[in-house]
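Working notes for the structure below.
The values are calculated or read from the model by the stated rules, or taken from the named source; none is laboratory data. In this text, all values refer to a predicted model and were calculated from it rather than measured experimentally. Because the Cβ atoms are built from the backbone with ideal geometry, glycine has one as well, and the counts that use them run over all protein chains shown. The area values use the complete protein model at the heavy-atom level, side chains included, leaving out ligands, DNA and RNA. Shrake-Rupley method; radii C 1.70, N 1.55, O 1.52, S 1.80 Å.
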Amino acid sequence: MSAILKVKNLTKHYQSSEKSVGVSDVSFSLQKGEVLCLIGPSGAGKSTILRCLAGLEEIDSGEILFEDSATFVFQDLQLWPHKTVLENIILAPTLCKKISRVEAIETATALLKKFGLYEKRDQYPDFLSGGQKQRVAIIRALATKPKLLLLDEITSALDPELINSVLNLIKILAKEGQSMIIATHHIKFATEIADHILFLENGEVVQKSATKNFVYAQRNPRIRQFLQTTTLNTKEITIYEGYDEFQAFQLGTLKRFRNGSALNVVGSSGDRWFECMGAYYEQYEKERIEKGILWRMMMSQESARDRDLRLRHPQLHEYRLLPAHVENPANYYVIDDVVVIQIFGNTDEEPAIIEIKNSNVAKSYQSYFDVLWNQSTPIE
Ligand code: ADP
């Protein structure tokens, strides 16, 4: 893999402000085809980094090494009001990149068709919705065939119902391998498209991590707190699919348990859970034993690995057999106000998790657990 961008110790302080603000000592690199999301509270320095990369700010010190120039899409669009959609799009390619008008129109037409805006080609920006304007602004950037696209909070000026049309366009670009750096406060969106996430606070990089670790195995308490106050956690149902997400989710959840607490599980899965955890099982088990987390589990039949575990650490395994008349329900456990439903799949299928964040639902599942527990018989 080749890096198309390297940023080394980038520092930019704004002279005008009373206290020294901006960004300090920011370093990262971007591989071709990679999507990097910049996340952090307002004022963290996300825009400043993008503006420096776009050459819109003079930097104080550090280095920005590009393979090619980057193209920037602003928060507030900046479409020319007196030019039509098509004219807006062909302006930069014909003026700056010296592409012929015919070729520029061809490219613009193809992009407008692809993103469902072809009928709007002769409209003036004022006649478009906010979401349409923003998509035109992105198409205008794409028309210059940028090696790297910089997107700064491109949905912040949009009504909620228009946001998805823009985010979906970006998802398509990400799938197509467009290299991008995106400042966004849509954490859910970021986790869907980013390869890496750079978390910033007070102008400094707090963490650069692979997206799945950022969300599911976040160790930094400050970032976890930030994630909890964002939209990510207000959504009631989240689905995690595939081995990677399954494993990362379990490891992340383990960190939420207090030492010495119990994990109440209904319906074990034979040895399939261990298979789903794959190489991460050792790490999970090590942390679980260290935290002294008890597995209280009801099952139709004890699997070989479960039996082995129980005999090795009797104090951390309290297993019971479900009454014979009880069909093994979907495997679930409850942690605080969250119900976690585990779908293991067969060995030729990927596992998945359905996470339901709702205190009433969690309470009902917990009481169902208690009822069953009383009817079950201990495995000796
Ligand atoms: P973010 O995009 O993460 O919200 P910014 O990069 O816009 O953060 O801002 C980082 C810090 O720099 C903030 O404290 C902000 O107030 C300050 N800042 C940004 N632009 C300017 C400017 N043009 N002049 C003075 N201070 C600025």
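Data table
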| read-out | value |
| --- | --- |
| Which listed residue is β-branched (Val, Ile, Thr), away from the ligand (no atom under 16 Å from the Cβ) and crowded, with 18+ Cβ neighbours inside 10 Å, from 184, 211 | 211 |
| Selection from segment 33-48 of residues that are among the aliphatic types (A, V, I, L, M), more than 7 Å from the ligand (Cβ to nearest atom) and out of contact with any helix residue (DSSP H, G or I) (no Cβ under 9 Å at 6 or more places or on another chain) | 36 |
| Segment 19-29, residues that are surrounded by 18 or more Cβ atoms within 10 Å (Cβ to Cβ), under 16 Å from residue 183 (Cα atoms) and more than 9 Å from the ligand (Cβ to nearest atom) | 26, 28 |
| Test: residue in segment 334-349 that is among the aromatic types (Phe, Trp, Tyr) and either within 23 Å of the chain's Cα centre (by Cα) or open to solvent by less than 50 Å² (accessible area, probe 1.4 Å) (or both) | yes |
| Single condition residue 227 does not satisfy, out of (1) within 29 Å of residue 362 (Cα to Cα); (2) in contact (Cβ under 8 Å) with a residue 24 or more places away in the chain; (3) in contact with a strand residue (DSSP E or B) (Cβ under 7 Å, 6 or more places away or on another chain) | (3) |
| Residue 195 being open to solvent by 80 Å² or more (accessible area, probe 1.4 Å) and more than 16 Å from the ligand (Cβ to nearest atom) | no |
| Residue that is least open to solvent (accessible area, probe 1.4 Å) [pool: residues in segment 350-380 that are among the β-branched types (Val, Ile, Thr) and part of a helix (DSSP H, G or I)] | 361 |
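Residues checked against (1) within 10 Å of the ligand (Cβ to nearest atom); (2) out of contact with any helix residue (DSSP H, G or I) (no Cβ under 6 Å at 6 or more places or on another chain); (3) open to solvent by less than 10 Å² (accessible area, probe 1.4 Å); (4) at pLDDT below 95:
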position	(1), (2), (3), (4)
3	no, yes, no, yes
9	no, yes, no, no
31	no, yes, no, yes
52	yes, yes, yes, yes
58	no, yes, no, yes
70	no, no, no, yes
75	yes, yes, no, yes
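A quick yes/no check of all residues on (1) more than 28 Å from residue 379 (Cα to Cα); (2) without any contact (Cβ under 8 Å) to a residue 24 or more places away in the chain:
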position: 213; (1), (2): yes, no
position: 216; (1), (2): yes, no
position: 222; (1), (2): yes, yes
position: 240; (1), (2): yes, no
position: 251; (1), (2): no, no
position: 278; (1), (2): no, no
position: 286; (1), (2): no, yes
position: 291; (1), (2): no, no
